[in-house]
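Written out below as structure tokens is the structure these notes cover.
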Amino acid sequence: MRRKLPLTLEEIATGVEKQIKIRRLASCGECEGSGAKGGPSQLNTCITCNGSGEERRVRQTALGQFVSVSECSRCDGEGQTIEDKCPECRGQGRKEAQSTIKINVPAGVEDGMTINLRGQGHAGIRGGRAGDLRIEVREKAHDYFIRRGSDLIYNLEISFSDAALGADIEVPTLTGRASVTIDPGTQSGKVLRMRGKGLGQLQSSRIGDQLIRVHVWTPQNLSDSDKDLLEKLRESSASNTPKQGKGKSFFSKVKDAFV
Ligand SMILES: [Zn+2]
Ligand SMILES: [Zn+2]
């Protein structure tokens with residue numbers, strides 16, 4: 001039996017206990033799963049196989065004695081037969097019922113992973129082994145974050161002035177808002193790391209980081225006074241870009257950092 005389990009990044013970060021309601025075949029309470037009217041005491045030992053569930057046939061041949069063993073045809077290998085079937089489950093020993101299942105989701109699970117709950121699927125026929133319930137993890141898309149393993153990536157747009165002069169800027173994290181410091185002279189493409197603000201990991205106590213990718217927003221729709229200010233800045237040597245072609249550019253270094 002399979003079920004999908006949608007999880008948020010917040011739930012995946014720390015692990016979570018979830019409850020789901022499912023309809024499954026559960027052991028019949030009326031006959032205690034035996035399928036016999038009146039319960040297990042009403043089961044009869046099979047007269048063909050004496051309760052072993054097997055039929056043995058012995059054959060004599062010129063080469064010696066051959067014994068073949070097969071499932072008993074009278075009791076279908078169960079070793080017991082039912083005189084009167086339980087009316088509640090029509091002799092199946094199980095019937096459909098709604099159940100609430102608790103699932104302990106560990107931190108760091110990934111989309112498509114399966115959590116196997118042994119014996120939590122359909123009950124077996126007349127007390128047979130119960131099946132497993134397989135829970136498939138579905139990671140919900142997040143409004144702000146892109147997941148990379150146990151790290152989170154957040155794209156932050158800052159103004160041209162904040163990039164040049166530096167600023168403290170509020171950003172979302174999985175546990176609330178936090179402040180990051182933009183150093184004066186920060187370039188577009190710079191990556192800031194907030195340690196321990198990412199996701200927990202499977203079978204590890206390490207917690208991932210939140211990476212903040214800075215994008216500098218170029219101003220548009222300038223007023224005349226804005227244009228005057230920027231014209232003055234253009235004349236100042238401070239706004240010149242460095243000479244091209246000397247060593248690795250800032251952007252190729254950023255790219256290397258992500259490989
Ligand atoms: Zn029953
Ligand atoms: Zn039998």
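The values are calculated or read from the model by the stated rules, or taken from the named source; none is laboratory data. Since we're looking at a predicted model, the values are computed, not measured. Note that each Cβ is placed from the backbone with ideal geometry, even for glycine, and that neighbours are counted across all protein chains shown. Calculation scope for accessible area: heavy atoms of the full protein, side chains included, ligands and nucleic acids excluded. Shrake-Rupley method; radii C 1.70, N 1.55, O 1.52, S 1.80 Å.
Each principal axis of the Cα cloud of region 39-83 was evaluated for its coordinate range; sorted largest first, these ranges are 49, 13, 12 Å. In the context of the full set of protein chains, residues of region 39-83 present 76 Å² of accessible surface per residue (probe radius 1.4 Å, heavy atoms only).
Only protein heavy atoms count here; under a 1.4 Å probe, residue 173 has an accessible surface of about 20 Å². For the pair region 146-162 and region 116-136, the centres of their Cα atoms are 44 angstrom apart. Under the convention that each Lys and Arg Cβ holds +1 and each Asp and Glu Cβ holds -1, the size of the dipole of the chain around its Cα centre is about 800 debye. When only the Cβ of Lys, Arg, Asp and Glu is charged (+1, +1, -1, -1), the dipole of region 150-242 relative to its Cα centre reaches about 540 debye. Protection proxy ranking, highest mean first, for peptides 213-221, 133-141: 133-141, 213-221, where packing is the per-residue count of other beta-carbon atoms within 10 Å, averaged.
Estimated at 0.36 nm per residue, the fully extended path between residue 90 and residue 204 surpasses their Cα-Cα distance by 36.1 nm. Of the residues 108, 68, 158, the one whose Cα sits farthest toward the positive end of the charge dipole of region 66-197, with +1 on the Cβ of Lys and Arg and -1 on the Cβ of Asp and Glu, is 68. Within region 106-251, what whole-number % of the accessible surface is contributed by carbon and sulfur, with the 1.4 Å probe and all protein chains included in the calculation? Of all accessible area on region 106-251, carbon and sulfur atoms account for 49 percent. Considering only 58, 169, 194, and ranking their Cα positions along the charge dipole of the chain that arises from unit charges at the beta-carbon of Lys, Arg, Asp and Glu, the one farthest toward the positive end is 58.
Ranking 240, 212, 27 by how far each Cα lies toward the positive end of the dipole of the chain (charges on Cβ) leaves 27 at the top. Estimated at the nearest 10 Å², the accessible area of residue 41 is 90 Å² with a 1.4 Å probe.
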